[in-house]
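Reading through the structure tokens given below for one structure.
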Amino acid sequence: MVLAERVKNEKQIERSPRFRFAPSPTGGLHIGTARTALFNWLAAKSMNGKLILRIEDTDLKRSKESYEESIIGDLKWLGISWDEFYRQSDRLKIYQSYANKLLNEGQAYMCFCSPERLENLKNEQLSKGNDSQYDSKCRKLGSEEIEKSLREGKKFTIRFKVKKGDIEFNDLIRGKIKFSSEIIGDFIIIKSDGTPSYNFAVVVDDSDMMITHVLRGEDHITNTARQIMLFERIGIKIPYFAHISMILGTDRAKLSKRHGADTITQFRESGYLCEAMGNYLSLLSWSPRDGEEIFYLSDIIRRFRLEDISKSPAIFDIDKLNWINGNHIRKKTDLELINLCMPFIIKKDVVKKEILEEERIKIKILRCIGAFKDKLKVLSDFPEYIKEFFIEKISSYNDDAIEMLKMETSAKVLRILIKEMQFKLKSNKFNKNYGLDESEGKEIINTVGMKLKKEKIKGRFLYMPIRASLTGKIHGPELPKIISILGLENCISRLKYTLNNIIGT
Ligand code: GLU
């Protein structure tokens with residue numbers, strides 16, 4: 001019976017689905033692995049199943065606790081939760097006992113070949129133009145030879161006896177996949193230091209943890225052949241396999257830092273929202289049937305189907321991620337955004353820590369959020385947008401702003417505005433603690449506009465010199481917003497400074 005049929009016959013779908021995400025803590029959580037974690041979580045949730053998080057840290061040299069911590073932190077940040085947790089380094093005895101069982105049953109054997117012999121063998125095979133594979137030398141060792149080597153304290157590995165024949169499985173995303181075991185030599189399941197090989201640990205764990213679905217990156221397809229052989233011999237039900245396509249850059253090359261692909265921690269630190277990151281990752285090789293692009297993960301759990309995952313490669317497009325992030329930023333309230341932006345404001349030292357808690361500063365930041373929310377793509381851009389509002393004088397004026405200010409009519413506009421503002425300041429008709437609000441700012445601009453009407457100074461000749469004088473730029477937020485952020489006194493001093501130093505009247 002071919003395997004594909006057997007998989008079907010095993011009626012695994014009747015068992016409650018159990019998915020697993022199995023990161024190796026040899027680095028942080030990258031886009032590709034985060035997407036695998038997310039798809040496993042979505043698939044498990046959508047099928048009322050369970051998700052198991054398994055840290056695959058048997059590569060003792062490369063695994064680090066700090067990576068495990070950052071992976072877990074990033075998963076939690078993305079909103080991915082799990083029902084069970086395991087760490088392979090806590091399970092070394094279990095792999096040993098499975099390996100001993102295979103040894104006792106004659107399915108595996110001890111191999112005493114030295115690394116030098118293996119290296120020579122490989123080079124010899126390669127030089128003849130053949131694929132390299134172990135020549136099964138130690139398969140034939142008699143018990144006396146084995147005991148002698150053991151007495152001599154020779155190091156050994158445990159190898160799996162590969163049976164020749166085809167291996168076929170039905171990938172839930174990619175359809176039928178067939179391998180010939182002719183190209184697979186007896187492979188190591190326990191290394192000479194007693195730790196399990198990757199393929200062996202995965203199969204022991206997937207068996208022990210009763211995993212029903214193995215959903216992982218396409219780069220693991222070739223491992224699947226070895227793993228199926230092991231599953232067969234260990235004697236448990238073979239899980240369903242689903243291999244997700246790789247993620248490429250917009251130039252269709254393998255994804256790298258060059259494409260802006262970082263770890264989730266780095267995205268988080270650059271001001272991407274967890275909602276946006278989850279939204280974007282879910283769209284890498286999958287999309288809801290209605291084509292919707294902006295959503296929360298909780299909205300799509302019920303719409304997620306494994307069979308809707310595409311087998312063509314996904315493209316990582318930072319512009320699209322920025323667009324999605326901007327959309328999620330605009331779904332937040334201004335008060336939520338203030339909390340989200342605060343770490344970035346502090347980091348860039350835009351506002352001195354001592355005054356951050358002051359009510360008037362909080363109101364000022366809140367008004368900045370109102371002014372720049374529509375423009376914001378990543379939270380880390382926010383300090384750059386607002387920094388000019390938190391210093392007394394503008395640090396530099398753009399060339400086009402200077403040009404605008406030097407127009408014949410500009411000085412007049414600024415002088416009238418100063419008068420209006422001084423008048424307002426003296427009138428005490430506004431709340432001094434909170435400064436002007438936007439509508440009061442609008443009133444002032446309207447009055448200035450009325451006063452200049454008969455001289456036909458209007459439109460850009462009215463608005464642009466004011467914006468240029470108050471911000472150093474001719475484009476930016478609406479004037480009432482700028483006035484309400486800066487407050488009357490700061491506006492007046494900026495206007496005067498421009499008159500004296502830029503226009504020079
Ligand atoms: N630990 C493997 C990795 O990080 C994943 C193993 C698997 O999913 O089977 O690539």
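The values are calculated or read from the model by the stated rules, or taken from the named source; none is laboratory data. What you are looking at is a predicted structure, and each value in this text was computed from that prediction instead of being measured. With ideal geometry, Cβ positions are generated from the backbone for all residues, glycine too; neighbour counts draw on all protein chains shown. Calculation scope for accessible area: heavy atoms of the full protein, side chains included, ligands and nucleic acids excluded. Shrake-Rupley method; radii C 1.70, N 1.55, O 1.52, S 1.80 Å.
Overview of values
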| item | result |
| --- | --- |
| When residues of segment 241-254 are limited to those that are among the hydrophobic types (A, V, I, L, M, F, W, C) and within 15 Å of the ligand (Cβ to nearest atom), the one nearest to the chain's Cα centre (by Cα) | Ile247 |
| Every residue from segment 408-453 that is at positive phi and open to solvent by less than 50 Å² (accessible area, probe 1.4 Å) | Gly435 |
| Of the criteria (1) open to solvent by less than 50 Å² (accessible area, probe 1.4 Å); (2) away from the ligand (no atom under 16 Å from the Cβ); (3) more than 30 Å from Lys101 (Cβ to Cβ), which one Glu307 fails | (1) |
| Evaluation of Ile238 against (1) touching a residue at least 60 places away in the same chain (Cβ under 8 Å); (2) within 15 Å of the ligand (Cβ to nearest atom); (3) touching a strand residue (DSSP E or B) at 6+ places or on another chain (Cβ under 6 Å); (4) not aromatic (Phe, Trp, Tyr) (one fails), failing number | (3) |
| Candidate set: segment 44-85, residues that are in contact with a Phe, Trp or Tyr (Cβ under 6 Å, 6 or more places away or on another chain) and buried (at least 20 other Cβ atoms within 10 Å of the Cβ); chosen: the one farthest from Asp208 (Cα to Cα) | Ile80 |
| Exclusive hit being assigned to a helix (DSSP H, G or I) and either within 30 Å of Leu273 (Cα to Cα) or not hydrophobic (A, V, I, L, M, F, W, C) (or both), set Glu392, Glu388, Glu408 | Glu388 |
| Total residues in segment 162-196, condition open to solvent by less than 70 Å² (accessible area, probe 1.4 Å), outside any strand (DSSP E or B) and more than 22 Å from Phe241 (Cβ to Cβ) | 5 |
| Test result for Val214, within 11 Å of the ligand (Cβ to nearest atom) and in a helix (DSSP H, G or I) | no |
| Qualifying residue in segment 490-503 (condition: under 49 Å from the mean Cα position of the chain (by Cα) and over 27 Å from Lys387 (Cβ atoms)) | no |
| Total residues in segment 124-161, condition open to solvent by less than 60 Å² (accessible area, probe 1.4 Å) and under 43 Å from the mean Cα position of the chain (by Cα) | 9 |
| Any hit, segment 300-316, residues being closer than 26 Å to Glu392 by Cα and under 23 Å from the mean Cα position of the chain (by Cα) | no |
| Failed item in (1) farther than 17 Å from Leu38 by Cα; (2) open to solvent by 20 Å² or more (accessible area, probe 1.4 Å); (3) at pLDDT 90 or above, with Lys237 passing the rest | (3) |
| Residues (farther than 16 Å from Ile483 by Cβ and either touching a Cys at 6+ places or on another chain (Cβ under 8 Å) or hydroxyl-bearing (Ser, Thr, Tyr) (or both)) located in segment 402-451 | Thr409, Ser410 |
